[in-house]
Each structure stands twice: as structure tokens, then as C-alpha cells.
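Here the structure is laid out as C-alpha cells; the discussion comes afterwards.
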Amino acid sequence: MIIQTQSLVKTYRLGDSRVLALDGIDLQVEEGEIVAISGSSGSGKSTLMHILGCLDRPDSGTYLLAGEDVSTLFPNRLAEIRNHKIGFVFQNFNLLPRLSALENVELPLLYAGAAETKGRAEEALRMVGLEDRMHHEPAQLSGGQRQRVAIARAIVTNPAIVLADEPTGNIDTKTGEEIMAIFERLNSGGRTFIIVTHDPEIANHCKRQIHIRDGKIVEQKGT
Ligand code: ADP
Ligand code: MG
């Protein structure tokens, strides 16, 4: 089991009131699964991703990531886990504009102090079909190509899980389908993906689908 959560609760303080964003999430994900998390805006999807991605801690409940309890770790240790075990893909790509595709993909390896950064970054870009765009800057790439660079950056460190929050939210439907095909192809190689979307068509690409509402899992499809 790569992810195992029990009764995750997260609230945000907003002035004098509190917003209950996660209300007891029990989630298990096996290594090699591809899981869609869907739900309407405000249902808690991003909050859940932040906790699963070790960007934030729950108020209560437990989270075992690859068997390690990360629910009570201090931020510096959490950052270490994040750098080694998690790859992120965002709606807005979050690429650095002055760097080439290759340099963007190399960055997480440089942060991790890895050797062979260039060769590994080139290999990751080949895996998303961008070997002929390695020296382009983000502004010289289409939205779909930028997201493919971001996917290469997410997988280059060989993380235990890749989390994608609305990865097709800023691209057209056809390109979104292409992006999902890349996730499916990488998943068939054994990589674990969790993909947040509010789009049922996108969720349908994933073998397992989880629907959340008001911070609770209300429906699950697939195994
Ligand atoms: P989703 O990603 O599904 O749209 P979020 O996880 O972003 O949902 O938000 C869940 C709930 O928590 C919403 O009601 C949202 O308004 C609230 N929320 C999210 N982030 C904050 C924050 N930083 N401060 C206060 N409330 C927040
Ligand atoms: Mg969100």
C-alpha cells in the first residue's frame, strides 16, 4: 500500500469562523494504481492533494506514505519526504519561464543533488514525446507541450506517487485527452498517479474513481 489514510480532518480558520475542508477521509491506494478524484469546486480536492503531497498536515487522522507515518512530521522533514517521494503536476504548469524545457526538468534533480541530471532529464522528456522540444522555453511551447514538460519534471526523480491537480484545466478538450493518454501510458509502466479533476470525461480515463463532496468520499468506482 503506497497511501493509507484514516479519518483525515482538515479545517481552515477564516476570521472567526472555521471551514471544514476534509471531514474524515479514509483512502487506500496500491502501488501502480491510477486514481481520479472528482468533486465540485470547494469539495476539498486540493486540500486532500496538499496533504497527500506533504505540502500540509491534517488537523487529525493518520497518513501513511509507503508505510511511513507522515501525518505529524515537522515542515522541514515533510519537505524532505516531498522532494524524494512526490511528483506534482499543476493546472498552470508552473514552469520557470527563463529556463528551457530541459533545464526545467533538470531542476528537481539538481535540488536533490543527483548525478547525471542532463541525461535523466532528456530521458524523461523522451517519455512524454518532447525530445524535439528540449531547448524551447515555455513561451515557445503550446499549453499541451508545457504540461508535458511539467509531467516530465514530475517523474524525473522517480517519485513513489505523482499527484496532478486539474492537469487538464487550462487546455482544450482534445489536448486534455492527449495528456490523459500520457498519464495512462506512464501508469501502465507501473507508476502511481492520483489525478484531481472536476471533469467526468477526464475521470473516466482512470481505472478507479473517487468522488468527494463536502470533504467526504461519497462514491467509489473501480478497484
Ligand atoms: P477544491 O479543490 O475541491 O475546489 P479546496 O480543497 O480548495 O476545494 O477547498 C475546500 C474548502 O476549503 C472550500 O470551502 C474552500 O473555500 C476552503 N478553503 C480552501 N483553502 C482555504 C484557505 N486557505 N483558507 C480558508 N478556507 C479555505
Ligand atoms: Mg482545487
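Take the Cα radius of gyration of region 181-223 and divide it by 2.2 N^0.38 Å, with N its residue count; two decimals is plenty.
Cα Rg divided by the expected 2.2 N^0.38 Å: 1.22.
Going Cα to Cα from residue 10, which aspartates and glutamates come in below 16 Å? Please leave out same-chain ones fewer than 8 positions away.
Within reach: 23, 26, 56, 59, 214.
Where a Cα-Cα gap under 23 Å defines reach, which lysines qualify for residue 118, not counting those fewer than 8 residues away within the same chain?
Answer for residue 118, where 23 Å is the Cα cut-off: 85, listed by chain and number.
How far apart, in nanometres, would the label points at residue 221 and residue 158 be if each is projected 7 angstrom from Cα along the Cα-to-Cβ direction?
Simple spin-label model gives 3.5 nm for this pair.
Within the set of other residues whose C-beta is less than 15 Å from the C-beta of residue 11, count the net charge using Lys and Arg as +1 and Asp and Glu as -1.
Details: positive: 10, 13, 18, 57, 216; negative: 16, 23, 56, 59, 214.
So the surrounding residues net to 0.
Run the quick spin-label model on residue 7 and residue 19: label points 7 Å from Cα toward the beta carbon, then report their separation in nm to one decimal.
Rounded to a tenth, the inter-label distance reads 2.5 nm.
Setting aside same-chain residues fewer than 8 positions from residue 174, which lysines have a Cα under 29 Å from its Cα?
The reachable lysines, counting only those whose Cα sits under 29 Å from residue 174, are 45, 207, 221.
Can you list the equivalent-ellipsoid semi-axes of region 15-130, largest first and in whole Å, using the square root of 5 times each Cα gyration tensor eigenvalue?
Taking √(5λ) for each eigenvalue gives 30, 17, 15 Å, largest first.
Seen from all sides and averaged, what is the projected area of the convex hull of the Cα atoms in the chain, in nm²?
With the hull built on Cα positions only, its mean projection is 12.3 nm².
If one computes P(r) from the Cα atoms of region 125-223, what percent of pairs lie at distances over 18 Å?
Working: 2354 of 4851 pairs.
That tail contains 49 percent of the Cα-Cα pairs.
Helix-derived [θ] at 222 nm for the chain: sum -39500 (n - 2.57) over DSSP H runs of at least 4, divide by residue count, nearest 500?
Rounded to the nearest 500, it is -10000 deg cm²/dmol.
Using a 10 Å cut-off around each Cβ, can you sort 207, 216, 85 from fewest to most neighbouring Cβ atoms?
Taking fewest neighbouring Cβ atoms as first place, the list is 207, 216, 85.
Work out the FRET efficiency for residue 59 and residue 84 from their Cβ-Cβ distance, taking R0 = 30 Å, and round it to the nearest 0.05.
Using R0 = 30 Å, I get an efficiency of 0.75.
Which of 11, 117, 47 moves most in a GNM of the chain, Cα contacts under 10 Å?
So, out of 11, 117, 47, the one fluctuating most is 11.
Among 135, 50, 198, determine the one that fluctuates most according to a GNM of the chain built with springs between C-alpha atoms less than 10 Å apart.
135
Counting Lys +1, Arg +1, Asp -1, Glu -1, what net charge surrounds residue 34 among other residues with beta carbon under 11 Å of its beta carbon? Please list the in-between numbers first.
On the way: positive: 185, 191, 207, 208; negative: 30, 33, 184.
Residues close to residue 34 contribute a combined charge of +1.
We did not get these values from a lab; they are worked out from the coordinates using the rules stated. These figures come from a predicted structure and were not determined experimentally. Quick reminder, even Gly has a Cβ in these numbers, built from the backbone with ideal geometry, and neighbours come from all protein chains shown.
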